[in-house]
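Data block below; observations after.
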Amino acid sequence: MTPDSAVTPPGGAGPGPTPGIAGQMTGKPDGEWLRVHPASPFIRGWVALAAIGFFFGRDSFERLLQGRPLMDDMYTGRVPFLLAGGGLILLLAVLGFITTWYFTRYQVAEGYVRVNTGFLFKQQRQARLDRVQAIDIVQPLLARIFGLAELKFEVADAGESAVRLAYLRIDDARQLRATILARAAGLVPDPGQPEAALPEAPEYAVLSLPPSRLVGSLLLSEQSFFLALGAAASVVLSAVTESRQIYFYLIPAVLGMAAAYWGSFNKGYNFTAAISPDGIRLRYGLLDTQAQTLPPGRIQAVKVTQPPLWRIFGWYRMQVNVAGYGGPGSNGEGASRTMLLPVGGLADVMRMLSLVLPDPGTPDPARVFTAGLTGMAPAGLPPAGLSPAGPSQHGVISEEAPDGGFLTSPRRVRLLAPLGWRRNGFTATDTALLIRSGRLWRELVVVPHQRTQSMALHQGPLARRFRVADLVLHTTAGPVSPRVIQAGLDEARDLFDAQAARAREARKRQTSEQWLTQVAPATVVEPVETKDPDKLDHRHTPDHAQNHQEGPHHG
Amino acid sequence: MPTEAIDPPGISWLRVSPKYVTVRLVEWAFGNLIAVAVLSLPLVFRLAGWWEWVPLWLAITVPAVTLLLAVWRLLLIPRQVRAIGYAERDDDLLIRSGIFFQRTLVVPYGRMQYVDIGVGPVERGLGLCTLKLHTASAGTNAEIPGLPADEGARLREQLSARGAARLAGL
């Protein structure tokens, strides 16, 4: 068997032909330059190889099927040349693969992960371990068959992954992930035993998504609604025009929809969430599987949405902004990577929120978050700004504040937003700003104060007529774009000042990127101490019971 | 219509150089005059008798409306420039702009990743520069145009120093 990794001297500049040392899979010493699995270029380039094979082989194969000689008569004399030419192309491709593989090496040392690539044009990328935003282990179907996996290491850089190692053996990938996460967390390797493999952090399952609910959520999703609408329209159209032609033109649309459904199903299948000291672990996928690790405090913003039809079953969807994941448009996989929960009930949402925001910053999180998800300001209330029960400057929600302490748009904007004015609102806990909006498409956005980048107040001419303003919070690229819609001008100004102060305070509290050495990590590490997974969300269990009681009143 | 500023009261704004109006005028001329000229071509062709199919009212209305809008924008420029302001507070920088569509932006020093200074050809002639702040968010569109060059340099040094002192992670 080929040794998994040919070893070169630590920090060695030249790719010296040092003999490979087998059996060093575990416990690689620090600073060693390693190579990815030799089969990886073929797994990445199988499409190219298949294309070459198809190009050269198709004609002969067809002739074989038709029982004719393998080659056209005019070519028979040149068979050796043709074979030699084809072989040469194949050889060049394979040689190219091997060269790229040979000159791609990676190293984890001194707080950095480095990757060297290139033969003629050398490139070295390095990323600071304590700036890690997320680590993903991705297994496309072919790699999964061979037991290989790709490791993606995201630092704060929108769009492109900082470091991609494709492919490693799955055990090595897990080991490397554990090493990187441990270093990033601030664990110093034992000087006595630098070769000892760092154990993977223990994890506790939080929730898993049954396939039936996934299918149900897809059937009731927005795209199904528009599909039904389109189908009805085409039936009417064909009846009116009395032609069947229209169905023919619908075929590509139907194929596209089927592909979209399949994609969602494939990505959402077997979705499980777990918590470990290294952060939130998400796993999902039917054919291609993916395992994401989001270290504590790396989530910049969370969005909980509920399409109208999901209200029947009380389902929600959760999406997150993570620096490095980028927006859904930046690459094809963005949409699934930013999905924190494809579909889940209120209890699931609360549980995930408690992972994202270990310290909700309010004594009664269930009431506040439920009000954010389903609540609405009472219609008869005087303008919310005058209500003494609104959130104070310091963001402390008084116990008896109605509607979870949410401060909604003033009554005067009911002409601008006839449906949403009682719903659009915000509230602040000690640790996060909650923004809710939408009466039909319900939405709740949670932005931790520590993660606020910058903010802006916006006001157009129409909004000025109604003395309202929008507050936009800027966060990293992603599906969540927090915006307080049509808050009263005075409330918006107060929020602008108060939020700037809160973000300042929160920044002061956060001192280190290494989460084990942080000042207040107690809440994150808490689940580790409870060995029983059921006790993990002990703190929130009463909340769930309460949610079910409170839900109807708010809905 | 009374225009009430949306920014919090009690802030003394520093204004950008009045010379920035010239920069905006040049930009305006490039954009709008060319548009008006191109849109006037059908009218010219029509009057010259080359194009018969263009309705005369359309050939007149389109460039006229464009010209009207352009003049409207031209008249707004001095007020827009006067509306741009910035204020350095202890922990953050405030930037405001706009009259009809107002915007007030706050960028904490600890969130700034880097500070750019850009100088265009017209700005260089007038000794102005544009300061741009970058945070981890692409949504932060923090630009202070029309700063005198020495004020821009001072602000950049000041912001960099304060940013380094208060630097926070993401």
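The values are calculated or read from the model by the stated rules, or taken from the named source; none is laboratory data. In this text, all values refer to a predicted model and were calculated from it rather than measured experimentally. Note that each Cβ is placed from the backbone with ideal geometry, even for glycine, and that neighbours are counted across all protein chains shown.
A few comments on the model shown:
- Here is the figure for segment B:107-116: residues that are closer than 16 Å to B:Leu94 by Cα and either more than 14 Å from every other protein chain (Cβ to nearest Cβ) or among the small types (Gly, Ala, Ser) (or both) total 1.
- Options A:Arg414, A:Arg423; residue that is modelled with pLDDT under 90 and not in a strand (DSSP E or B): A:Arg414
- A:Leu444 vs. criteria touching a Lys or Arg at 6+ places or on another chain (Cβ under 6 Å), hydrophobic (A, V, I, L, M, F, W, C) and buried (at least 22 other Cβ atoms within 10 Å of the Cβ): yes
Okay, residues lined up against (1) more than 7 Å from chain B (Cβ to nearest Cβ); (2) part of a strand (DSSP E or B):
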residue: A:Val446; (1), (2): yes, yes
residue: A:Leu457; (1), (2): no, yes
residue: A:Ala469; (1), (2): no, yes
residue: A:Leu473; (1), (2): yes, yes
residue: A:Ala477; (1), (2): no, no
residue: A:Val480; (1), (2): yes, no
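- A:Val343 falls short of the stated requirement of being within 19 Å of A:Glu154 (Cβ to Cβ) and hydrophobic (A, V, I, L, M, F, W, C).
- For segment A:304-340, taking the residues that are at pLDDT 70 or above and of a type in the set (D, E, K, R), the one that is farthest from A:Glu222 (Cα to Cα) is identified as A:Arg337.
- B:Gly49 loosely packed, with under 12 Cβ neighbours inside 10 Å, without any contact (Cβ under 8 Å) to a residue 40 or more places away in the chain and closer than 30 Å to A:Asp497 by Cα: no
- Filter pass, A:Thr362 being among the polar types (S, T, N, Q), modelled with pLDDT of 85 or more and closer than 13 Å to A:Lys303 by Cβ: no
- For first residues located in segment A:485-504 and under 20 Å from A:Val413 (Cα atoms) and more than 9 Å from chain B (Cβ to nearest Cβ), partners that are part of a helix (DSSP H, G or I) and not aromatic (Phe, Trp, Tyr) and lie 6+ apart or on another chain with Cβ distances below 8 Å form the pairs A:Gln486/A:Val413; A:Gln486/A:Ala463; A:Ala487/A:Leu495; A:Gly488/A:Ala384; A:Gly488/A:Gly385; A:Asp490/A:Gly385; A:Glu491/A:Ala384; A:Glu491/A:Gly385.
- Positions within segment A:254-282 being buried (at least 17 other Cβ atoms within 10 Å of the Cβ) and part of a strand (DSSP E or B), in sequence order: A:Ala273, A:Ala274, A:Ile275, A:Ser276, A:Gly279, A:Ile280, A:Arg281, A:Leu282
- Residues considered: B:Ile99, B:Ile84. Of these, the only one that is touching a residue at least 60 places away in the same chain (Cβ under 8 Å), facing chain A (nearest Cβ under 10 Å) and under 29 Å from A:Gln459 (Cβ atoms) is B:Ile99.
- Candidates B:Thr104, B:Thr130: the one that is within 14 Å of another protein chain (Cβ to nearest Cβ), modelled with pLDDT of 90 or more and buried (at least 16 other Cβ atoms within 10 Å of the Cβ) is B:Thr104.
- Set A:Gln107, A:Gln124, A:Gln139, A:Gln133: member being of a type in the set (S, T, N, Q) and surrounded by fewer than 13 Cβ atoms within 10 Å (Cβ to Cβ): A:Gln124
- Residue in segment B:117-126 that is within 30 Å of A:Gly478 (Cβ to Cβ) and either more than 9 Å from chain A (Cβ to nearest Cβ) or crowded, with 16+ Cβ neighbours inside 10 Å (or both) present: yes
- In segment B:77-91, the residue that is farthest from the chain's Cα centre (by Cα) out of those that are modelled with pLDDT of 90 or more and surrounded by 15 or more Cβ atoms within 10 Å (Cβ to Cβ) is B:Ala87.
- Residue pairs whose Cβ atoms lie under 7 Å apart, sitting 6 or more positions apart in sequence or on different chains, and linking a residue in segment A:207-218 that is within 21 Å of A:Leu355 (Cβ to Cβ) to a partner that is part of a helix (DSSP H, G or I), are A:Leu207/A:Asp348; A:Leu207/A:Arg351; A:Leu209/A:Gly268; A:Leu214/A:Phe265; A:Leu214/A:Gly268; A:Ser217/A:Trp310.
- Verdict on B:Leu67 being assigned by TED's automatic domain parsing to the domain that holds B:Glu27 and either of a type in the set (D, E, K, R) or touching a helix residue (DSSP H, G or I) at 6+ places or on another chain (Cβ under 6 Å) (or both): yes
- Yes/no for B:Ala153 being touching a residue at least 12 places away in the same chain (Cβ under 8 Å), assigned to a loop (DSSP other than H, G, I, E, B) and out of contact with any strand residue (DSSP E or B) (no Cβ under 7 Å at 6 or more places or on another chain): no
- Cβ separations smaller than 9 Å between residues 6+ apart or across chains give the following pairs from segment A:110-122 residues that are over 13 Å from A:Thr100 (Cα atoms) to residues that are of a type in the set (Ser, Thr, Tyr) and surrounded by 12 or more Cβ atoms within 10 Å (Cβ to Cβ): A:Val113/A:Tyr106; A:Arg114/A:Tyr106.
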